[in-house]
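The values are calculated or read from the model by the stated rules, or taken from the named source; none is laboratory data. In this text the structure is predicted, and so the values were computed from the model without any measurement. Neighbour counts are summed over all protein chains in view; Cβ atoms, including those assigned to glycine, are modelled from backbone coordinates with ideal geometry.
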Amino acid sequence: MKPSDVSELLRMMRVHVEFERGTDFRLTEAELLSRGFGPSPEFGAFVADRAQSNAPADLVGMAVYYEIPFMHTLRPYLMLKWLHVDPKARGIRIGEQLMRALASHAVETGHDQISWFVLPDNVRAQSFYQRLGASEDPKWKRWTLPPSSLRKLSSVQLSSSVFHEDSASDTDLD
């Protein structure tokens, strides 16, 4: 991914979020530039361009990922956020090439695995991932605290005798 890809990347992100029935899409080109480039990028992306297909768009595929840097294994954890191939560019292994690029990146940067979420009704994606050797994680189910519950939970007064926040900045490490 390079800064000149951001406009097309944003287009594909919007299309993918709409496919996932997402709402409240707030990403902008400026946000992608500030969060995806610089000394500490918050995400990365592999992209496939039009030369790999007969599609009219400049970019025809993306694999957007981010890293969870702190885990109990003391190794970073790689998360695939979105894999998307424009419909007119499907069937010529662009998705597979993007996943291969992500897998190579994972190995080169010390990750043991890649994880992601798939909509339960997206059977086509599930079949694609199975063909690559992936499997559903039987140990975990995703949980979400929606906005109304988050606000309600955060408004409960905490007892200072029971709860305190530790951080490296306020803990004596000497």
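One table, with the values for the structure above:
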{"read-out": "All positions within the range 2-39 that are of a type in the set (D, E, K, R), closer than 29 Å to Asp121 by Cα and part of a helix (DSSP H, G or I)", "value": "Glu8, Arg11, Arg14, Glu18"}
{"read-out": "Per-region count, the range 135-163, residues touching a helix residue (DSSP H, G or I) at 6+ places or on another chain (Cβ under 9 Å) and either at pLDDT below 85 or not in a loop (DSSP other than H, G, I, E, B) (or both)", "value": "1"}
{"read-out": "Of all residues in the range 40-57 being part of a loop (DSSP other than H, G, I, E, B) and modelled with pLDDT of 85 or more, the one that is nearest to Ser7 (Cα to Cα)", "value": "Phe43"}
{"read-out": "Residues within the range 77-108 that are exposed (fewer than 14 other Cβ atoms within 10 Å of the Cβ), within 23 Å of Arg14 (Cβ to Cβ) and touching a residue at least 24 places away in the same chain (Cβ under 8 Å), tallied", "value": "1"}
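The rows are residues; the columns are (1) on the phi > 0 side of the Ramachandran plot; (2) at pLDDT below 95.
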position	(1), (2)
Leu83	no, no
Pro87	no, yes
Leu98	no, no
Ala101	no, no
Val107	no, yes
Gln113	no, yes
Phe117	no, yes
Pro120	no, yes
Gly133	yes, yes
